[in-house]
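Every read-out reported here was derived from the displayed coordinates using simple, explicitly stated rules and does not represent laboratory data. All of these numbers come straight from a predicted model, not from anything done at the bench. Heads up, the Cβs are rebuilt from the backbone with ideal geometry, glycines too, and the neighbour counts pull from every protein chain shown.
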Amino acid sequence: MPKNKKVMSMAILPELHEELSRYAKRRNMSTSAYVGELITKALKIDVDEDPVIIGKDPDADIMPVILKIPVALKGNKEGLQRWMDVQTKGIVEKLS
């Protein structure tokens, strides 16, 4: 193991471990590397901003979509609507 990494242990439910392992395998990664990638992404979220989560029951079969909305659009209803319209069209094109 490279010297620039630290080892961390954690306890998780067996079914969560199995799910993480399946996701990692789909991405051709080790479970450890996949968890590290997820943590890296999570740490980039601004802890001072509460994320807006809109969706179904977490146990439902859904496809999550994450939008990083420019801070400059906060409070700008018209600008945010235009931005969201462009993003929505892009999502529809990508998924259809």
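Could you state the angle between the C-alpha long axis of helix 14-26 and the longest principal axis of the C-alpha atoms of the chain, as a value from 0 to 90 degrees rounded to the nearest 10?
So the inclination is approximately 70 degrees.
What do you get for the angle between helix 31-43 and the principal long axis of the chain? Use alpha-carbon atoms, 0 to 90 degrees, nearest ten.
Helix 31-43 and the main axis of the chain meet at about 40 degrees.
State, to one decimal in nm, how far the label point of Leu43 lies from the label point of Arg26, with both points 7 Å from Cα in the Cβ direction.
With each label point 7 Å from Cα toward Cβ, the separation is 2.5 nm.
Candidates [x] 17.7, 51; [y] 13.2, 40; [z] 13.9, 42; which is the computed Rg and Dmax of the Cα atoms in Å?
So the calculated entry is the one marked [x].
Sort Asp85, Asp48 so that the residue with the fewest other Cβ atoms within 10 Å of its own Cβ comes first and the one with the most comes last.
Lowest count first: Asp48, Asp85.
Take the residue pairs Lys6/Lys68; Lys25/Lys94; Lys44/Lys68; Lys5/Lys41; Lys74/Lys94; Lys44/Lys77 and return only those whose Cα atoms are more than 20 Å apart.
Those over the limit are Lys6/Lys68; Lys25/Lys94; Lys74/Lys94; Lys44/Lys77.
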